[in-house]
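In what follows, a single structure is set out as structure tokens and then discussed.
The values are calculated or read from the model by the stated rules, or taken from the named source; none is laboratory data. Keep in mind that this is a model prediction, so the values were computed, not measured. No Cβ is skipped: glycine too gets one built from the backbone with ideal geometry, and neighbour counts run over all protein chains shown.
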Amino acid sequence: MYTDTERCVRAVRSKDARFDGWFFTAVLTTGIYCRPSCPAVPPKAENMTFHPSAAACQQAGFRACKRCRPDTSPGSPEWNARADTVARAMRLIQDGVVDREGVPGLAGRLGYSARQIERQLLAELGAGPLALARAQRAQTARLLVETTALPMAEVAFAAGFASIRAFNDTVREVFALSPSELRTRAGSTAREGGAPGAGASADGTRAALSLRLPFRAPLNPDNLFGHLAATAVPGVEEWRDGAYRRTLTLPYGHGIVALAPRPDHIACRLSLTDPRDLTFAISGCRRLLDLDADPVAVDEQLRADPHLTPLVDKAPGRRVPRTVDAAEFAVRAVLGQQVSTAAARTHAARLVTAHGVPVDDPEGGLTHLFPTPAALAGLDPEALALPRSRRTTLTTLVAALADGSLGLGPDSDWELARARLGELPGFGPWTVEVIAMRAFGDPDAFLATDLGMRRAAANLGLPATPAALTARAAAWRPWRAYAVQYLWATDDHAINRLPVNNPPA
């Protein structure tokens, strides 16, 4: 969009927040860059240039606006709606892969050379992987500086910087303030190292960080949090005190997150055993709640169908509940084949108790991390209270995930992964598509064979057979996964209701 100058100028002049994250405005006369909705008086059109990323603005020598804080705007929805190399690279960079594995590691995951990845990112985003990762480190650093009392040295390494000097230089260059000045402006009165965020509990989990996760309005939390709470695996997930809570398996350790809907943001409380996992954890939470979606574009497309118009008008802004761990969800999808929600939770809870890593949760009832494919690879099929055919499906899936022959992470090619899943025994269209929708994050995944979908379609006067419904849904592309959420919402089921009380254990 940043190449459409006229459209960008209109968005800036109207202070349209829908375009925050789609592009960034660099002001030639002031040397700063802003989000489109910046409250400042818009500059003259001839003094504005537009860039596709904050990293491109920084690379061009612009610093972040102190009023609109463009580094905190929602991420571009493009990276969750595409499966090409650039989108896959961006999802990996958001997960902190460049910080952990370098550009060669990023390129290796994508199956390209480092030079090819550099060239593709420069062509589309105006910045290479190092610059993009640097911009993300700066954003993470600012978040930690302004919301915690962690010592600056800990902030630097938690944000992914290799040295304190690089941390200081980057913060000064990007924000035109030193880290200490950023903290002072944010109103932090705690002395360094002496406030929450600096210490650790007995099990190694540090005091919780309280964050605000932005999103594009509108956001309807009912089906989003209702689905997560209704399908929660005991010990791994729970709904408590108005928040969805769960344990997280992270690159350097583990964590516990609590996510609660608010009118203009998602309140996020993160407890981590290693602060270096912050970037990965935030990225996973945003992906779980589909916070980088563009609900206006989605709803506009679906509203054009007269059968969906009343559903969209009644509760706009539905998101697709996703997952923080694609492998975990694939295992849970198999456990949930042809059984009730309660039965699927029971089967998953048994696996967790037998093979999950125990954790301590002083604030609630979380007890384990969900077992990794490696931990499940040696399970005894005879110990599973499942039909023999589904035992084979589960053990085959776990083996493929454990040996790396099946990849479901943010770097996966959606169509290749679909094909590989379809080759496994017991994987039909429903299982493949529900994994594509919630684990891959494919916004066009479509569950034409789902019984709830077919029942909703029949009640609305839409074709109810899978083939006819798929043909009818062609007009909903590329947002068919969102259409599934609107159709599911016509049923009186717990997944469609925002929980009020804590669910039974």
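Got at least one residue in region 353-370 being farther than 28 Å from Phe280 by Cα, of a type in the set (A, V, I, L, M, F, W, C) and in contact with a Leu (Cβ under 9 Å, 6 or more places away or on another chain)? Reasoning before the result, please.
So the first thing to find is which residues in region 353-370 are farther than 28 Å from Phe280 by Cα, and the list is none.
Scanning region 353-370 turns up no residue that is farther than 28 Å from Phe280 by Cα, of a type in the set (A, V, I, L, M, F, W, C) and in contact with a Leu (Cβ under 9 Å, 6 or more places away or on another chain).
Would you be able to tell me the number of residues in region 390-412 that are surrounded by fewer than 19 Cβ atoms within 10 Å (Cβ to Cβ), part of a loop (DSSP other than H, G, I, E, B) and small (Gly, Ala, Ser)?
4
Of the conditions (1) modelled with pLDDT of 95 or more; (2) out of contact with any helix residue (DSSP H, G or I) (no Cβ under 7 Å at 6 or more places or on another chain); (3) buried (at least 21 other Cβ atoms within 10 Å of the Cβ); (4) not in a loop (DSSP other than H, G, I, E, B), Pro310 fails just one. Which one is it?
(3)
So which of Leu451, Leu498 ends up being surrounded by fewer than 16 Cβ atoms within 10 Å (Cβ to Cβ) and in contact (Cβ under 8 Å) with a residue 24 or more places away in the chain?
Values: Leu451 fails: in contact (Cβ under 8 Å) with a residue 24 or more places away in the chain.
One residue alone meets the criteria, Leu498.
State yes or no: is Arg183 charged (D, E, K, R), under 20 Å from the mean Cα position of the chain (by Cα) and either modelled with pLDDT under 90 or part of a helix (DSSP H, G or I) (or both)? I'd like the intermediate steps shown before the answer.
On the way: charged (D, E, K, R): yes; under 20 Å from the mean Cα position of the chain (by Cα): no; either modelled with pLDDT under 90 or part of a helix (DSSP H, G or I) (or both): yes.
Taking the combined requirement at face value, the residue does not satisfy it.
Pick out the one residue from Glu423, Glu363, Glu415, Glu382 that is loosely packed, with under 13 Cβ neighbours inside 10 Å, under 25 Å from the mean Cα position of the chain (by Cα) and assigned by TED's automatic domain parsing to the domain that holds Thr273.
Details: Glu423 fails: under 25 Å from the mean Cα position of the chain (by Cα); Glu363 fails: loosely packed, with under 13 Cβ neighbours inside 10 Å; Glu382 fails: under 25 Å from the mean Cα position of the chain (by Cα).
When all the criteria are applied, what remains is Glu415.
Any residue that is crowded, with 23+ Cβ neighbours inside 10 Å and modelled with pLDDT under 95 - is there at least one of those in region 39-46? So that I can check it myself, show each step before the final result.
Taking region 39-46 first, the residues crowded, with 23+ Cβ neighbours inside 10 Å are none.
No, that holds for no residue.
On the basis of being of a type in the set (Lys, Arg) and farther than 18 Å from Leu289 by Cα, does Arg477 make the cut? So that I can check it myself, show each step before the final result.
On the way: of a type in the set (Lys, Arg): yes; farther than 18 Å from Leu289 by Cα: yes.
For Arg477, the condition - of a type in the set (Lys, Arg) and farther than 18 Å from Leu289 by Cα - is met.
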